[in-house]
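What follows is a set of notes on a single structure, which appears directly below.
Nothing in this text is a laboratory measurement; each read-out follows from the coordinates by a stated rule. All values reported here derive from a predicted model rather than from experimental measurement. Backbone-built Cβ (ideal geometry, glycine too); neighbour counts: all protein chains shown.
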Amino acid sequence: MTFCVPTKPVLRWAGSKRQILPKLTSLSPEIVGRYIEPFCGSACLFLALNPARSILADVNPHLIATYDALRNDPDAVSAILTGWEPTKETYLELRATQPGTDKAFDAARFLFLNRYCFNGVYRENLRGQFNVPFGGYRTGQLPDLDGLREFSKRLQGAELYCGDFAKAIRIATDSDFVYLDPPYYYGSSRNRGEYGWNAFADEDVDRLIEEVRSADSRGVRILISYNQAHTLKKALPGWQLTYAPVRRSVAGFSKGRKAVREYQLRNYQ
């Protein structure tokens, strides 16, 4: 397995698995065919594994459009991005601007809002508008041109797909490796528009299990990250369950930022 560390994700993403990458890479099998990630987010495991062929999918059209623009022309995105001052005023102005003007502009806008929003959260209101407040100035720097170019190189061998996770799983064959990292279950506090209003919801868990069982029967190797992994294990007997400690930082106040277990479930040794 090729574990590459130089290329960093270009996005801050709530729920990112960067803290437990050593655990995930140690659990990942040798990839003979394609690496498939139906909930790609910041794609940190994709970057770490550096597969020759891959499918990066997500239901968020703005995320996939940003990756597409970066794959095709990182220089154009960077030229726009560097022209904006990293201020609250710029943030609010861009947040109020609706995407659809230009691919490079939309990608730069997405990167800027993601960098300076609160905790790297993506959330939409009922009208599908990004509504996360300004997060302050302690959010790190925007990716520079070299970083965007390197990320673009990694995307050259990737197929980008925007849509439901089920379709991405269904195309997997016995030579492919599928990594699933759906939004976590939080009971009644869930579904406030995080990741977009059409993102994975609690009622989608049964569909996920159905698709995973079907892929497992085809010989697809599958690794799942989910906070209700014990529930999944009951539905997927014989799968291997492991965990890694991680400090969660999505909570709005420091007292809500505590170490928790990140569970992983896989159907191979």
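Relative contact order of the chain, please, whole-number percent, based on alpha carbon pairs below 8 angstrom and at least 6 residues apart.
It comes to 22 percent, rounded to a whole number.
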Once ASN125 and ASP206 are pulled to full extension, the length gained, defined as 0.36 nm per residue separation minus their Cα-Cα distance, is 26.6 nm
Computed, not fitted: 222 nm per-residue ellipticity of the chain from DSSP H runs ≥ 4 (each -39500 (n - 2.57)), nearest 500, equal to -10000 deg cm²/dmol
Measuring from its Cα centre, the chain shows a charge dipole (+1 at each Lys and Arg Cβ, -1 at each Asp and Glu Cβ) which, in debye to the nearest 20, is 1020
At 25 °C and 0.890 mPa s, the Stokes-Einstein diffusion coefficient in µm²/s for segment 18-266, with hydrodynamic radius from the Kirkwood sum on alpha carbon pairs, is 128
Filtered hits (aspartates and glutamates, Cα-Cα < 14 Å from LYS103, offset >= 8 within chain) -> ASP68, ASP73, ASP75
Per residue, the convex hull enclosing the alpha carbons of segment 59-133 has a volume in Å³ of 88
Highest GNM mean-square fluctuation among LEU11, LEU241, LEU126, for the chain with Cα springs under 10 Å, belongs to LEU126
Each label sits 7 Å from Cα toward the beta-carbon; between ASP73 and GLU85 the label points are separated, in nm, by 2.8
Length gained if ASP102 through GLN19 is fully extended, taking 0.36 nm per residue and subtracting the Cα-Cα distance, is 26.5 nm
Any aspartates and glutamates whose Cα falls less than 19 Å from that of LYS17, other than same-chain ones fewer than 8 residues away, would be GLU37, ASP58, ASP181, GLU194, GLU262
Rounded to the nearest 10 degrees, the helix 145-155 long axis (Cα) sits at an angle to the longest Cα principal axis of the chain of 30
If one builds a Gaussian network model of the chain from Cα atoms under 10 Å apart, the most fluctuating residue listed among ARG138, ARG18, ARG213 is ARG138
Length gained, GLN240-ARG213, 0.36 nm per residue minus C-alpha separation, equals 8.3 nm
Counting only backbone N atoms under 20 Å from a point 7 Å out along Cα-to-Cβ of LEU145, the residues of segment 48-89 in range are 69-86
